[in-house]
Amino acid sequence: MHKGRIILHIDLNCFYASVEQIYDPSLKGKPIAIAGNPKERRGIVITCSYEARKSGVYTTMNVGEARRKCPELIVLPPNFERYRAASKSFFGLLKEYSEILQPVSIDEGYIQLPIIEGQNVLEHVHGIQDRIWNELQLPCSIGIAPNKFLAKMASEMRKPMGITILRKRDVPSVLWPLNVKEMHGIGKSTAEKLKELGIQTIGELAAADEYTLKQKFGINGLRLKQKANGEDDRPVDPEAIYDTKSVGNSTTLSHDTTDRDELYKIMTTLSEKVAERLKAKKLAGVTVSIIIRTASWETYTRSKSVNNAIFSKEDIVEQAWNLFNKNWNEEPVRLLGVTISNVSDIKEMTQQLTFFDFEDHIKDEPIIKLVDQIEQKFGKGVILRGSDIVKPAGKHQANTSFSKDFWDDHL
């Protein structure tokens with residue numbers, strides 16, 4: 001069905017660090033790390049340059065440990081405004097090559113190239129990589145494959161600035177000898193459960209008994225086996241980034257505390273951030289969850305579902321704080337988190353309104369109705385997400401498609 005697809009997974013290398021080197025060229029060639037609140041206990045490395053990695057520094061490492069491993073390490077706070085601007089330019093450039101583009105995060109995405117006879121794929125992909133470097137000064141690794149899973153695995157194989165082709169017929173020789181921990185979609189917990197079944201390599205997973213996998217992992221067990229065999233029918237979906245299931249925020253406190261006023265302020269700040277993200281995505285949700293980690297590293301979560309989907313800071317903090325008060329055991333708190341899940345489009349949500357909450361809800365209704373009225377008057381789609389505005393095609397748009405026989409004839 002998808003034999004003719006040519007899918008790229010493009011991953012910007014050390015993205016935050018690369019952007020900082022653009023704004024300050026004196027940082028190029030030096031070991032740098034981006035870390036949140038580097039002077040406080042919670043400072044961890046978000047990303048680091050390859051120069052820092054050579055000294056043993058890695059993402060999620062504590063800043064103090066990173067400095068011990070690399071005394072000359074330059075630690076910078078994150079500048080998300082810069083990163084968002086660079087990301088927008090990156091995806092804007094990619095959109096010149098195909099409308100079938102799926103951002104996965106701020107620094108990576110999938111793109112399905114159109115098919116036309118007689119094109120040299122590898123040469124063309126080198127051209128894309130060159131443009132990203134020459135025009136944006138961003139290094140990237142690219143995986144070329146007939147499906148998303150193989151493209152993702154391929155892009156991880158050569159960093160930085162690598163291009164790797166991974167065909168389905170390469171799977172037995174390239175992927176099967178690898179430990180299952182190297183497989184995209186398998187974390188530490190899943191790898192440990194697979195080990196309990198005697199499965200340690202991707203090849204062993206590819207040959208595993210389907211009934212056993214389904215008993216252990218449900219339907220996901222079958223999907224893991226399919227991917228281990230190089231099979232993945234998922235489309236490159238430009239709208240997938242909006243398919244959010246939950247929106248949350250958490251923070252590690254700079255000091256352990258039992259001060260209720262302080263904890264309430266933190267809960268309010270977290271709720272405000274969650275509300276802002278819900279608003280940006282035009283979402284509302286019916287399940288509120290909190291996470292509490294104590295000074296003794298005991299972690300527990302509590303959830304509550306409400307009748308009416310919520311999205312405002314006031315509603316979120318009210319529900320979250322009630323959950324906290326009912327479940328906190330007075331131990332010093334080290335980390336707090338708030339999440340809204342079971343979300344849906346705010347315009348499509350249905351409320352089981354009661355006499356008592358109708359008056360509050362009706363205050364929000366004009367905003368939702370206003371969008372509907374504008375669309376009714378001027379046409380559906382007159383109000384768009386910013387990311388939906390198509391950038392005019394540039395001079396590089398021509399000759400961006402490839403032969404349907406690419407996988408058989410050119411590789």
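A compact table of results
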read-out	value
Test: residue in region 23-43 that is open to solvent by 30 Å² or more (accessible area, probe 1.4 Å) and within 30 Å of A240 (Cβ to Cβ)	no
Out of A280, A295, sole residue that is touching a Pro at 6+ places or on another chain (Cβ under 7 Å), in the same structural domain as N249 (by the TED database) and either over 24 Å from H255 (Cβ atoms) or small (G, A, S) (or both)	A295
Enumeration of residues in region 152-169 that are on the phi < 0 side of the Ramachandran plot, in contact (Cβ under 8 Å) with a residue 24 or more places away in the chain and not basic (K, R)	M153, A154, S155, E156, P160, I163, I165
Residue within region 270-277 that is part of a strand (DSSP E or B), under 19 Å from K245 (Cβ atoms) and open to solvent by 60 Å² or more (accessible area, probe 1.4 Å) present	no
All positions within region 218-248 that are closer than 27 Å to V288 by Cα and open to solvent by less than 40 Å² (accessible area, probe 1.4 Å)	G218, A240, T244, V247, G248
Filter pass, T190 being surrounded by 14 or more Cβ atoms within 10 Å (Cβ to Cβ), assigned to a helix (DSSP H, G or I) and of a type in the set (S, T, N, Q)	yes
Residues of region 118-139 that turn out to be under 22 Å from the mean Cα position of the chain (by Cα) and closer than 18 Å to S98 by Cα, as a count	2
Residue list for region 83-94, filter: over 18 Å from the mean Cα position of the chain (by Cα) and at pLDDT below 95	none
Subset of region 182-211 [among the polar types (S, T, N, Q) and touching a residue at least 12 places away in the same chain (Cβ under 8 Å)]	T190, Q200, T201
Members of region 282-300 that are open to solvent by 80 Å² or more (accessible area, probe 1.4 Å) and within 24 Å of the chain's Cα centre (by Cα)	K282
Flag if R260 is more than 27 Å from G109 (Cβ to Cβ) and without any contact (Cβ under 8 Å) to a residue 60 or more places away in the chain	yes
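The values are calculated or read from the model by the stated rules, or taken from the named source; none is laboratory data. The model shown is predicted, which means the values in this text are computed figures rather than measured ones. So basically every Cβ, Gly included, is an ideal-geometry build from the backbone, and we count neighbours across all protein chains shown. Remember, those area values only see protein heavy atoms, side chains included, never the ligands or the DNA or RNA. Shrake-Rupley method; radii C 1.70, N 1.55, O 1.52, S 1.80 Å.
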